[in-house]
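Just so it is clear, none of the values below were taken in a lab; they were calculated from the coordinates. None of the values given here were measured: they were computed from a predicted structure. Counting neighbours? That spans all protein chains shown, and the Cβs are built from the backbone with ideal geometry, glycine included.
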Amino acid sequence: MANESGKVESQSSQKRRGIYLLPNLFTTAGLFSGFYAIIASMNERYVEAAVAIFIAMIFDGLDGRVARMTQTESDFGAEYDSMADIVSFGMAPALVMYNYALADLGKLGWLAAFIFVAGGALRLARFNTNIGSADKRYFQGLAIPSAAAVVSGLVWVGTEYGISGNDLGGFAAIVTIVAGLLMVTNFRYHSFKDVDWKGKVSFVVILVIVLAFVIVATQPSLVLFGIFFLYALSGPVLTIRSVNKLKLEHVVGDNEQDDAEFKDEKQGKSSNNNQNEQ
């Protein structure tokens, strides 16, 4: 009887194994959008490439919320989301910008693109290791989707207004490098996770939201680039205003409390000491 019950439990556990479809479907859609952006830029369809990255941002915002709403969060989903983000918001914007404006700069062009990709990868790694201890009201460093919006938004604006990538080469390299570096800084950015989306608001708020959609629809490339460009600048401004004296640790680097590897080492030493005491 014990063996039969054990077999039944093992069979039922095997049946329950699998991957949640809905949230990972949104993640896959975002990954596809990022990959499509790369292909479109290789064929010099830069507007389609930039728009695809912004569409990937929508899917990236939906997958986590859908997982929480449907209670289908999983470690696999979190890891898959990070892998998709480095493609959609790391590789895709860098390659789109490289094909549009950085290729003619030679070594400086591909180094600028690499700095952005490396900054995005480091940003994701730090976010994943500090996810349990970070203040949810703020991001530490510019979030990788926002950095991708700045870079791809510049490509979108330049293409919409008929500006050649050669004319934007130097400015594009600066924007790409700065966006990559902002992701690995300690500048604080509002995450807007403390907003009560389920709460009641006045009629005026709804009216403002409608007007905002109208403004974005008039010139989507320019408005979206302007919004995310100002958001990228808000981090240094917010950090400088929140401290009495700006120090190096406010800009870059980790202290011992925020260093994920240091915390792991310290936990390992404490556990070894506990085992020795026992």
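Miscellaneous remarks
- J(HN,Hα) series, the stretch 51-62, from Karplus relation 6.51 cos²θ - 1.76 cosθ + 1.60, nearest Hz, glycine and proline x: 4, 4, 5, 5, 5, 4, 5, 5, 5, 5, x, 7
- Theoretical FRET efficiency, 1/(1+(r/R0)^6), r = Cβ-Cβ of V252 and F203, R0 41 Å, to 0.05: 0.35
- Extended-chain gain in nm, criterion 0.36 nm per residue less alpha-carbon gap, S191 and N166: 5.5 nm
- Net +/- balance of residues flanking G30 in space, Cβ distance below 9 Å, scoring K and R +1, D and E -1: -4
- Per-residue 3J(HN,Hα) values for the stretch 64-72, derived from phi via the Karplus relation 6.51 cos²θ - 1.76 cosθ + 1.60 with θ = phi - 60°, read x, 5, 5, 4, 6, 5, 9, 6, 10 Hz in sequence order (x marks Gly and Pro).
- Gain in span if fully extended, R241 to Y20, counting 0.36 nm per residue against the direct Cα distance: 75.2 nm
- Placing dummy labels 7 Å off each Cα toward the beta-carbon, the span from R68 to D104 is 4.5 nm.
- Taking amide H atoms as placed 1.01 Å from N in the peptide plane, the amide H of S191 lies under 5 Å from those of Y138, F139, each 5 or more residues away in sequence or on another chain.
- Positive minus negative residues near V87 (Lys, Arg vs Asp, Glu; Cβ under 12 Å): -3
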